Amino acid sequence: MKDLQEIKSAIYKLGSEDLDNLGEFLRHAREDIIKAKLAVGSQVSFKHKHRLVEGSILKLNPSKAKIETEMGTWNVPYTFLSLAK
């Protein structure tokens with residue numbers, strides 16, 4: 001846990017531009033982690049207007065996945081997707 005405290009301390013010392021860059025890096029890292037777990041045919045879910053929508057992946061595009069659902073086909077950013085349970 002000491003390492004985590006050191007990281008937090010270093011983050012608090014960053015300027016606003018560095019924080020923006022860190023936020024962008026973390027967003028891309030999260031997207032890459034999610035993308036690595038997905039494949040065509042994977043069952044996924046995402047929220048739309050406070051409702052959980054489930055479907056399967058038809059295609060993996062660079063920034064969004066094409067999802068087939070009962071309500072039609074959706075292009076959903078990877079950060080909005082979760083593997084369906």
**Request:** Hey, can you find the accessible area per residue of the chain for me, probe 1.4 Å, expressed in square angstrom?
**Result:** 78 Å²
**Asked** Where does each of 18-30, 61-73 land if you order them by average Cβ count within 10 Å, highest first?
**Response** 61-73, 18-30
**Message:** Is the C-alpha gyration tensor of the chain telling us rounded, prolate or oblate? Criteria: a/c under 1.5 is rounded; beyond that, a/b larger than b/c is prolate, otherwise oblate.
**Reply:** prolate
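At 222 nm, what helix-only mean residue ellipticity would the chain give, in deg cm²/dmol to the nearest 500, using -39500 (n - 2.57) for each DSSP H run of four or more? Intermediate values should be presented prior to the final figure.
Values: 2 runs with 32 residues, N = 85.
Computed mean residue ellipticity for the chain: -12500 deg cm²/dmol.
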**Prompt:** Hey, any idea what % of the chain's accessible area is carbon plus sulfur with a 1.4 Å probe?
**Reply:** 55 percent
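How much length is gained if the chain between A84 and E54 is pulled fully straight, taking 0.36 nm per residue apart and subtracting their Cα-Cα distance, in nm to one decimal?
Numbers: separation 30, 0.36 × 30 = 10.80 nm, distance 0.70 nm.
That works out to 10.1 nm of additional length.
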**Fill in**
Taking Lys and Arg as +1 and Asp and Glu as -1, residues besides E24 with C-beta under 15 Å from its C-beta add up to -3
**Message:** Give the lysines reachable from K66 as a straight Cα distance under 27 Å; neighbours fewer than 8 places away on the same chain don't count.
**Reply:** K35, K37, K47, K49, K85
**Message:** Taking the 0 to 90 degree range and rounding to the nearest ten, how far is the long axis of helix 16-36 tilted relative to the main principal axis of the chain, both from C-alpha atoms?
**Reply:** 40 degrees
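The values are calculated or read from the model by the stated rules, or taken from the named source; none is laboratory data. These numbers were taken from a predicted model, which means no experiment stands behind them. Please note: Cβ atoms are built from the backbone with ideal geometry, for glycine as well, and neighbour counts cover all protein chains shown. SASA here: full protein model, heavy atoms, side chains in, ligands and nucleic acids out. Shrake-Rupley method; radii C 1.70, N 1.55, O 1.52, S 1.80 Å.
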